[in-house]
1. List every residue pair whose Cβ atoms sit under 6 Å apart, with the two residues 6 or more apart in sequence or on different chains, where the first one lies in region 145-158 and is within 15 Å of Tyr124 (Cα to Cα) and modelled with pLDDT under 70 and the second, anywhere, is in a helix (DSSP H, G or I) and of a type outside the set (A, V, I, L, M, F, W, C).
2. Hey, does region 5-17 have a residue that's at pLDDT 80 or above, touching a strand residue (DSSP E or B) at 6+ places or on another chain (Cβ under 9 Å) and exposed (fewer than 10 other Cβ atoms within 10 Å of the Cβ)?
3. Six or more apart or on different chains, Cβ atoms under 8 Å: show the pairs whose first residue is in region 102-128 and at positive phi and whose second is among the aliphatic types (A, V, I, L, M).
4. Yes or no: Leu19 part of a loop (DSSP other than H, G, I, E, B), over 16 Å from Thr87 (Cβ atoms) and of a type in the set (A, V, I, L, M)?
5. Quick check, is Ile72 under 26 Å from Lys119 (Cβ atoms), β-branched (Val, Ile, Thr), touching a residue at least 60 places away in the same chain (Cβ under 8 Å) and open to solvent by less than 20 Å² (accessible area, probe 1.4 Å)?
6. Give just the number: which of (1) open to solvent by 20 Å² or more (accessible area, probe 1.4 Å); (2) in contact (Cβ under 8 Å) with a residue 24 or more places away in the chain; (3) out of contact with any Lys or Arg (no Cβ under 9 Å at 6 or more places or on another chain) does Pro58 not satisfy?
7. Determine whether Gln81 is among the polar types (S, T, N, Q), under 18 Å from Met1 (Cα atoms) and open to solvent by less than 60 Å² (accessible area, probe 1.4 Å).
8. Quick check on this structure: which one of Lys65, Lys91 is more than 16 Å from Gly122 (Cβ to Cβ), open to solvent by 70 Å² or more (accessible area, probe 1.4 Å) and without any contact (Cβ under 8 Å) to a residue 12 or more places away in the chain?
Amino acid sequence: MIIHKLSVHNFFGFKSTDLELPEQGIVVLTGKNGKGKTARTITAPSWCVWEETERGTPPYPQGTKPNLTGTIELTTGRGQQVSVTRTMKGKTRTLAWTVDGVAAPAHSTHTKAQEALEKIVGDYMTWRRTHVFSGADAAMFSHADDATRKRLLESMLSLDIFDELDD
């Protein structure tokens, strides 16, 4: 998955963040601790697409009602152009996306909408383990069983598309 643009509002206490990433190359972030590098570049994309955060904490300040909006534009490993918009206002959550400019069909529940989106973008843990690396992640990969390593490598190489042929 290649992220092109990200826009989040009221996310982890940051009023607004808009990022546009280059088509190629490596992006290196530097800065003091606590300035939002992780929140804006790792947590925000994972929340926009999967409603997950790497630390499992809510993406809004404690003691406040959530009022978040996030939009992410990305290209999947299959070359599909996807735009996902997620909101959380109080207890109300919404999820909408397009694939190659075509809006996703309506789903009866938020969970079913998320499951349908994951068929396009993949699951959270595969993204997390293949796009966000730390020392602990290298250890996780080293200690993973063969089936887990195989699945992660296939996803990284966009070979998981062949799994759909069996359906």
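1. Cβ pairs passing all conditions: Ser155/Thr126; Ser155/Thr130; Met156/Thr130.
2. Scanning region 5-17, I find at least one residue that is at pLDDT 80 or above, touching a strand residue (DSSP E or B) at 6+ places or on another chain (Cβ under 9 Å) and exposed (fewer than 10 other Cβ atoms within 10 Å of the Cβ), so the answer is yes.
3. Pairs that qualify, where the first residue is at positive phi and the partner is among the aliphatic types (A, V, I, L, M), are Gly122/Met1.
4. Numbers: part of a loop (DSSP other than H, G, I, E, B): no; over 16 Å from Thr87 (Cβ atoms): yes; of a type in the set (A, V, I, L, M): yes.
Considered against the rule, which asks whether it is part of a loop (DSSP other than H, G, I, E, B), over 16 Å from Thr87 (Cβ atoms) and of a type in the set (A, V, I, L, M), Leu19 comes out as no.
5. On the way: under 26 Å from Lys119 (Cβ atoms): yes; β-branched (Val, Ile, Thr): yes; touching a residue at least 60 places away in the same chain (Cβ under 8 Å): yes; open to solvent by less than 20 Å² (accessible area, probe 1.4 Å): yes.
So Ile72 fits the description; yes.
6. (2)
7. Working: among the polar types (S, T, N, Q): yes; under 18 Å from Met1 (Cα atoms): yes; open to solvent by less than 60 Å² (accessible area, probe 1.4 Å): no.
So Gln81 does not fit the description; no.
8. Numbers: Lys65 fails: without any contact (Cβ under 8 Å) to a residue 12 or more places away in the chain.
Every option except Lys91 fails the conditions.
The values are calculated or read from the model by the stated rules, or taken from the named source; none is laboratory data. Quick caveat, the model's predicted, so the values are computed rather than measured. Please note: Cβ atoms are built from the backbone with ideal geometry, for glycine as well, and neighbour counts cover all protein chains shown. Just the protein is used for accessible areas: all its heavy atoms, side chains included, with ligands, DNA and RNA removed. Shrake-Rupley method; radii C 1.70, N 1.55, O 1.52, S 1.80 Å.
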